[in-house]
Amino acid sequence: MELAKPGAEHGFLEKLLGTWDVTSTGMGNDEKWVEVVRSLHGIWFVAEGNGEMPDGSGPATTVLTLGYDPARGKYVGSWIGSMMAHLWVYEGEVSADGTTLSLYTTGPDFAEEGKLADYREQIVFRDADHRIFNSSARQPDGSWKQFMEAQYARRR
């Protein structure tokens, strides 16, 4: 087996490295978090977020992993959070202009207990030190309806 080496596609993920102050809106509350993103030798990127639950019930932690799978020609990843038992698994692509990573996944339908729904999450770079993360749910007509957005500012 040949060792994995970072490719050109990993350049988008490299931009995530560092410590970020996060302000989230949506799902009924505003939240402030801190996210630290590190690299596993340029192949995988791990983003750990820490903050308070929006309902004030205590601390919460999230972990996002991202990489690029050259065999599939797709960005891949996962997300877990201390507030739920579901493992979110992603597959996606970067926009032609290189500013947006769109990640697609299936998970619990927040409107109907016991059902699954399709989601799209996007990481959008406004500049080197500011990015947006948004979440949208697929609607019956195939369109996407955004329900959450977080603003990220790199700490210097």
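Summary table
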{"item": "Convex hull volume per residue in cubic angstrom - Cα atoms of the stretch 1-79", "result": "109 Å³"}
{"item": "Whichever aspartates and glutamates have a C-alpha closer than 16 Å to that of K5, once near sequence neighbours (fewer than 8 apart) are set aside", "result": "E14, D69"}
{"item": "Within straight-line cross-link reach of K32, lysines at Cα separation under 24 Å, skipping those fewer than 8 residues along the same chain", "result": "K15, K145"}
{"item": "Mean shadow area of the stretch 10-154, taken as a quarter of the surface of its Cα convex hull (nm²)", "result": "9.1 nm²"}
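Every number in this text was worked out from the coordinates using simple rules, so none of it is lab data. Just so it is clear, the structure is predicted and the values come from calculations on it, not from any experiment.
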